[in-house]
Amino acid sequence: MNTLIDGNLDSYWHSQYDPHAPLPHWAVIDMASEKNISYFEVYRRKGNGDAKTAQLFVGNSADPAGTWTLAGEGVFTSGDKLTVTNSNQAKGRYLKLVLPDSYRAPFTAIAEIYVFGK
């Protein structure tokens with residue numbers, strides 16, 4: 001999953017290539033310190049329209065089942081870039097990306113996530 005934060009839009013994270021791996025798919029990213037976040041940019045894999053909805057949560061524990069605050073969500077409708085505003089002014093050290101659905105379930109592919117501060 002390091003491809004989500006490697007700064008390269010040509011690399012990507014893909015859900016399992018198993019048609020029986022159910023949605024949702026998710027990833028937790030350690031941002032190294034608590035961040036005040038304005039917005040996120042999420043890029044799906046170039047030329048691949050599988051990813052549909054991206055939900056972004058922040059928290060102070062890496063536990064995927066822990067306490068998370070929804071920062072924002074958006075739906076890819078065209079193109080590979082999705083901008084999501086942190087409408088709840090959520091802040092935390094960890095970012096959890098949840099991909100609850102797909103245009104070609106159960107597959108999803110994300111190239112990058114960028115976090116922009118205030």
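The table that follows gives values for the structure above.
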{"item": "Candidate set from region 72-118 (those that are among the hydrophobic types (A, V, I, L, M, F, W, C) and in contact with a helix residue (DSSP H, G or I) (Cβ under 7 Å, 6 or more places away or on another chain)); member that is nearest to ASN36 (Cα to Cα)", "result": "ILE113"}
{"item": "Number of the condition not met by LEU95 [criteria: (1) surrounded by fewer than 19 Cβ atoms within 10 Å (Cβ to Cβ); (2) under 18 Å from GLY7 (Cβ atoms)]", "result": "(1)"}
{"item": "Scope region 30-78; condition of a type in the set (S, T, N, Q) and part of a strand (DSSP E or B); matching residues", "result": "SER33, ASN36, SER38, THR53, GLN55, THR69"}
{"item": "Selection status of ALA27, in contact with a helix residue (DSSP H, G or I) (Cβ under 9 Å, 6 or more places away or on another chain), surrounded by 12 or more Cβ atoms within 10 Å (Cβ to Cβ) and under 19 Å from ALA105 (Cα atoms)", "result": "yes"}
{"item": "Subset of region 30-43 (residues that are at pLDDT below 95 and either within 16 Å of GLN55 (Cα to Cα) or among the basic types (Lys, Arg) (or both))", "result": "LYS35"}
{"item": "LYS52 vs. criteria in contact with a Gly (Cβ under 8 Å, 6 or more places away or on another chain) and under 14 Å from HIS25 (Cβ atoms)", "result": "no"}
{"item": "Given (1) at pLDDT below 95; (2) aromatic (Phe, Trp, Tyr); (3) closer than 13 Å to VAL98 by Cα, index of the condition TYR17 fails", "result": "(3)"}
{"item": "Number of positions in region 95-115 that are touching an Asp or Glu at 6+ places or on another chain (Cβ under 6 Å) and in a strand (DSSP E or B)", "result": "5"}
{"item": "Sole residue being closer than 14 Å to LEU4 by Cα and hydroxyl-bearing (Ser, Thr, Tyr), chosen from SER38, SER33, SER87, SER15", "result": "SER15"}
{"item": "Given (1) outside any loop (DSSP other than H, G, I, E, B); (2) more than 20 Å from LYS118 (Cβ to Cβ), index of the condition SER11 fails", "result": "(1)"}
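The values are calculated or read from the model by the stated rules, or taken from the named source; none is laboratory data. These numbers come from a predicted model, not from an experiment. When we count neighbours, we look across all protein chains shown, and the Cβ atoms used for this are built from the backbone with ideal geometry, even at glycine.
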